[in-house]
Amino acid sequence: MTTFDEREKGFETAFAREQDMAFRITARRNRLVGTWAAELMGLTAAETDAYAKAVVQADFEEAGDEDVVRKLLGDLVSAGVDIDETRVRSALDQQTVEARRQLLEIK
């Protein structure tokens, strides 16, 4: 194997690791923000767990965060929570930081 091939393989491996970590951070963030929203809606522990899983699943509808924002905002407004899109997006940002912190602690 040539030096070029070795470098290429190394970059491919690093890229795959970064993509895996990004996916894990997003999934954990969605679970955390689902738990946050469930608390605002006053859900029970079992309902909170199910709702957090539903938020994670909602992220697979389309690329980006719009599907998650739409679900959270719609569910919170339907539950009578006084909230706007800015607050939901802020919670996503905060939970992204927390998810990254949690995953880095595991390593």
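Readers should treat all values here as calculations from the given coordinates under stated rules, not as data from a laboratory. Please read these numbers as outputs of a predicted model, since none were measured by experiment. For neighbour counting, all protein chains shown are included, and Cβ atoms are generated from backbone atoms with ideal geometry for every residue, glycine included.
How large is ³J(HN,Hα) for each residue in region 75-86, as worked out from phi by the Karplus curve 6.51 cos²θ - 1.76 cosθ + 1.60 (θ = phi - 60°), to whole Hz, x for Gly and Pro?
Using θ = phi - 60°, the values come out as 5, 5, 5, 4, 7, x, 7, 7, 8, 10, 4, 4 Hz.
So which residue, out of Val97, Val55, Val68, gets the largest mean-square fluctuation from a GNM of the chain using Cα contacts under 10 Å as springs?
Val97
Only Cα pairs within less than 10 Å get springs; with that Gaussian network setup on the chain, which residue of Thr48, Thr35, Thr86 has the largest fluctuation?
In this elastic network of the chain, the residue with the biggest mean-square fluctuation among Thr48, Thr35, Thr86 is Thr86.
Using a 7 Å offset from the Cα along the Cα-to-Cβ direction at both Glu12 and Glu62, what is the distance between the two label points in nm, to one decimal?
If labels sit at Glu12 and Glu62, their model points lie 3.4 nm apart.
To the nearest 10 degrees, how steeply does helix 45-58 sit against the main Cα axis of the chain, on a 0 to 90 scale?
The answer is roughly 50 degrees.
Could you state the per residue volume, in Å³, of the convex hull enclosing the Cα atoms of the chain?
Hull volume normalised by residue count: 122 Å³.
I'd like the orientation of helix 3-41 relative to the chain: the angle between its Cα long axis and the longest Cα principal axis, in ° from 0 to 90, rounded to 10.
Approximately 10 degrees, to the nearest 10.
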